[in-house]
Amino acid sequence: MYREQVDTSRIPRHVAIIMDGNGRWAKQRGEDRSMGHQAGVETVRRITTLASKMGVGYLTLYTFSTENWNRPATEVAALMSLILSAMEEELFMKNNVRMRLIGDVTRLPKEVRAGVLRLQERTSHNTGMTMVIALNYSSRWEITEAVRRIAIRMGNLDLRPQDIDEATIAGEMATSFMPDPDLLIRTGGEVRLSNYLLWQAAYAELYFCDTFWPDFQEEDFCKAIVEYQQRERRFGKTSEQVKA
């Protein structure tokens, strides 16, 4: 139903997703939380394929936050193993998708770090949608690193305090290679950003739904796109100014 309502001429250039609810999905079924993460991988494949076909330019997925290290060690180990196995090159090549990584890769297990960096290199020549994997990522980490780099530039006399503006800060972010998200989707019923793209999401349209990520279907994604297209994005202006 919603798929037919999507205006293909107004597809958001950048969609960011917080893929929440994997563990609770598994718990409802009496399964281990890792089973929910495995089911969530299938949703990633479905939504990546659909978003690519729809013409989304960038799809950013919150895969593992810096806070997720606080989860039980067994779940973290299962997640790391799953991340490595889920990054199938076929998915990217079949859909002409380029993969980019944002986050602090230094803390990742060697095999995971090598695997995702290898995939990033192998898909770098693809010309379709860019899938951005936020892995060991948090906005506070990202902003802290940006401030540190700016301080180094100032210490090297490459930058003066009066020259620092929003573009300077944005240019030091891990996301400097892509536009800010137009639409940010969070599944699983929680209504917060959880340290995700806080700088970049300043004017993103936010869409929250109760559906757990493993149950999030193509129709659910289309519903989010339709609702996005029904909103008026004013960026501080009045409706009259936007229409003019």
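If the condition is being within 15 Å of the chain's Cα centre (by Cα) and either modelled with pLDDT under 95 or among the acidic types (Asp, Glu) (or both), then the stretch 143-193 contributes Asp180, Asp182. Considering every residue within the stretch 8-18, establish whether at least one is surrounded by 15 or more Cβ atoms within 10 Å (Cβ to Cβ) and among the charged types (D, E, K, R). No, that holds for no residue. Taking the criterion of being farther than 18 Å from Trp141 by Cα and among the β-branched types (Val, Ile, Thr), the residues of the stretch 173-223 that qualify are Ile185, Thr187, Val191, Thr211.
The single condition among (1) assigned to a helix (DSSP H, G or I); (2) touching a helix residue (DSSP H, G or I) at 6+ places or on another chain (Cβ under 7 Å); (3) open to solvent by less than 60 Å² (accessible area, probe 1.4 Å); (4) over 19 Å from Cys209 (Cα atoms) that Phe64 does not satisfy is (1). For Trp25, the stated conditions do not hold, so it cannot be described as more than 12 Å from Phe212 (Cβ to Cβ) and among the hydrophobic types (A, V, I, L, M, F, W, C). Kindly indicate whether Lys243 is more than 28 Å from Glu142 (Cβ to Cβ), in contact with a helix residue (DSSP H, G or I) (Cβ under 9 Å, 6 or more places away or on another chain) and open to solvent by 20 Å² or more (accessible area, probe 1.4 Å). Considered against the rule, which asks whether it is more than 28 Å from Glu142 (Cβ to Cβ), in contact with a helix residue (DSSP H, G or I) (Cβ under 9 Å, 6 or more places away or on another chain) and open to solvent by 20 Å² or more (accessible area, probe 1.4 Å), Lys243 comes out as no. Being open to solvent by less than 70 Å² (accessible area, probe 1.4 Å), in contact (Cβ under 8 Å) with a residue 24 or more places away in the chain, within 18 Å of Ala201 (Cα to Cα) and in a helix (DSSP H, G or I) is not true of Ile83. The one condition from (1) over 17 Å from Met19 (Cβ atoms); (2) surrounded by 13 or more Cβ atoms within 10 Å (Cβ to Cβ) that Phe216 does not meet is (1). Entry remark, the stretch 108-138: residues being out of contact with any helix residue (DSSP H, G or I) (no Cβ under 8 Å at 6 or more places or on another chain) and open to solvent by 30 Å² or more (accessible area, probe 1.4 Å) number 8 in total.
Just one of the listed residues (Arg46, Arg100) is part of a strand (DSSP E or B), touching a residue at least 24 places away in the same chain (Cβ under 8 Å) and either surrounded by fewer than 21 Cβ atoms within 10 Å (Cβ to Cβ) or small (Gly, Ala, Ser) (or both), and it is Arg100.
Select from the stretch 1-28 the residues that are farther than 15 Å from Gln229 by Cα, more than 21 Å from the chain's Cα centre (by Cα) and not in a helix (DSSP H, G or I) and list them in ascending order. Met1 - this is the single residue of the stretch 1-28 that is farther than 15 Å from Gln229 by Cα, more than 21 Å from the chain's Cα centre (by Cα) and not in a helix (DSSP H, G or I). What residue, among those in the stretch 1-43 that are touching a Cys at 6+ places or on another chain (Cβ under 7 Å) and not basic (Lys, Arg), is nearest to Phe221 (Cα to Cα)? Among residues in the stretch 1-43 that are touching a Cys at 6+ places or on another chain (Cβ under 7 Å) and not basic (Lys, Arg), the one nearest to Phe221 (Cα to Cα) is Tyr2. The residue of the stretch 152-172 that is most open to solvent (accessible area, probe 1.4 Å), among those that are part of a helix (DSSP H, G or I) and among the acidic types (Asp, Glu), is Glu166.
Within the stretch 229-244, residues that are under 21 Å from Ser9 (Cα atoms) sit with their Cβ atoms under 6 Å from residues that are assigned to a loop (DSSP other than H, G, I, E, B) and open to solvent by 70 Å² or more (accessible area, probe 1.4 Å), at 6+ positions apart or across chains, in these pairs: Val242/Arg234.
Residues being at pLDDT 95 or above and either surrounded by 19 or more Cβ atoms within 10 Å (Cβ to Cβ) or under 17 Å from the mean Cα position of the chain (by Cα) (or both) are entirely absent from the stretch 29-39. Identify, please: which residue in the stretch 203-244 is within 19 Å of Asp180 (Cα to Cα), part of a loop (DSSP other than H, G, I, E, B) and among the charged types (D, E, K, R) and is, among those, modelled with the lowest pLDDT? Residue satisfying both the conditions and the ranking: Lys237.
The values are calculated or read from the model by the stated rules, or taken from the named source; none is laboratory data. In this text the structure is predicted, and so the values were computed from the model without any measurement. Every residue, glycine as well, gets a Cβ built from its backbone with ideal geometry; the counts of neighbours run over all protein chains shown. All accessible areas refer to the heavy atoms of the entire protein, side chains included, with ligands and DNA or RNA removed. Shrake-Rupley method; radii C 1.70, N 1.55, O 1.52, S 1.80 Å.
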